[in-house]
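The structure appears right after this line, and notes come after that.
What follows draws every value from the coordinates through simple rules; no lab data is involved. What you are looking at is a predicted structure, and each value in this text was computed from that prediction instead of being measured. A quick note on method: Cβ atoms are made from the backbone with ideal geometry, for glycine too, and the neighbour counts reach across all protein chains shown.
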Amino acid sequence: VSPVVAGLIGASVLVVCVSVTVFVWTCCHQQAEKKHKTPPYKFIHMLKGISIYPETLSNKKKIIKVRRDKDGPGREGGRGNLLVDAAESGLLGQAKGPRGPSSGSCVDQLPIKVDYGEELRSPLASLTPGESKTTSPSSPEEDVMLGALTFSVDYNFPKKALVVTIQEAHGLPVMDDQTQGSDPYIKMTILPDKRHRVKTRVLRKTLDPVFDETFTFYGIPYSQLQDLVLHFLVLSFDRFSRDDVIGEVMVPLAGVDPSTGKVQLTRDIIKRNIQKCISRGELQVSLSYQPVAQRMTVVVLKARHLPKMDITGLSDPYVKVNVYYGRKRIAKKKTHVKKCTLNPVFNESFIYDIPTDLLPDISIEFLVIDFDRTTKNEVVGRLILGVHSVTASGAEHWREVCESPRKSVAKWHSLSEY
């Protein structure tokens, strides 16, 4: 063999060896990083003792199908799957009457169209539309019995995991006058960080649901339990409208000691109090209505004092504007995302063609949302102006807009929890 051919063969072998070595090293390095990377928290969901949504610390999910008893009292509906709640909040609504097909007939033919003052690009990831579009009472009502919730709290010391079992609820009120029943489910959040969000399946046509679902949350040190609060939100699913809020249960873990074993508790469900929530910041918006052109101009100006949503101590907020006719959303749009700020300035306008005779039934909802590239977006707070406004400042702002045509009315409003 000539020296030239031998040199070429040797060089080719060297290149192949180096390439194989680099490839093997890269694979091993990625595997090691993946093995040592742990999420901030993990949870396991169990239904009647069977894991249906298990997650391991390697961030791999394994879904095991569970056979349902179709004849049992806990028959679940079409929405019976578990989802981590990142649903956008819904519109606050009045107490609903009987549902009928006539409620949506006039809305489908509304002469409303949307025009935007400027073309806006949407965030890369938007908020996942959720089933739990909650509603809250908009006016004081008579005290009624909302039932009770039974659950248990336990702690797994070897795994540093908090175990919460939602067992059952009984004595729930009738939320559907047509069927004289309810389709209850429960959303649970661990306060104050509000990162642990889960929900049960929906049980159809029952006022005494038996859930028997266990949620195991990893990465919670026992020393931090005294600072946490379990928040249970009891809702009734509505296929044709927004889900009704039945009530809530707040359980501070400071008064619960699961160190000696499982602690079973029963708490009365109370009416949700939207006034007790912590400050979520403020939002400044401007509205003006042109009666001749029958056009509503909405300007999202700026926000201030938003809560810290990222580990950097800042936030990446944007505003989603929803327009409702009655209880149905007829238009939606988003502003730009403002990076790394708790006091964003938006100055973005949206124009809606709304007939004058429809103004008494119009509501405008502003959702301030924290954009996250890696996880699901989270609603920071919301503001509602219009017929469904629950605050005095919101109702006053809307009244000034309707009574002062062709005048731009700008005001600051405190954001509420959703």
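Would you work out the Kirkwood radius for the range 379-418? I mean one over the mean of 1/r across all pairs of different Cα atoms, in Å.
Hydrodynamic radius (Kirkwood, Cα pairs) of the range 379-418 is 10.8 Å.
Computed on the Cα trace of the range 347-417, the radius of gyration divided by the Kirkwood hydrodynamic radius gives Rg/Rh = 1.03. At a Förster distance of 41 Å, what's the computed FRET efficiency of Asn343 paired with Ala254, Cβ-Cβ distance as r, to 0.05? For R0 = 41 Å, the calculated efficiency reads 0.75. Taking the empirical scaling 2.2 N^0.38 Å for compact globular proteins as reference, the range 214-307 has a Cα radius of gyration ratio of 1.71. The radius of gyration of the Cα set in the range 155-216, together with its Dmax, comes out at 14.5, 50 angstrom.
Protection proxy ranking of 167-177, 23-33, by the mean of other Cβ atoms within 10 Å over each peptide's residues and highest first, is 167-177, 23-33. Protection proxy ranking of 258-271, 198-211, by the mean of other Cβ atoms within 10 Å over each peptide's residues and highest first, is 198-211, 258-271. P(r) tail, the range 259-418: Cα-Cα pairs separated by more than 19 Å, 57% of all pairs.
So if each residue of separation counts as 0.36 nm, and I subtract the Cα-Cα distance between Glu33 and Thr312, what length gain in nm does that give?
Taking Glu33 through Thr312 to full extension adds about 98.2 nm, to one decimal.
Counted over all Cα-Cα pairs of the range 324-364, pairs farther apart than 11 Å make up 73 percent. Short-range pairs are left out: with C-alpha atoms under 8 Å and at least six residues apart, the relative contact order of the range 317-418 is 23 percent.
Projected label points at Arg399 and Lys302, each 7 Å from Cα along the beta carbon direction, are separated by 2.9 nanometres.
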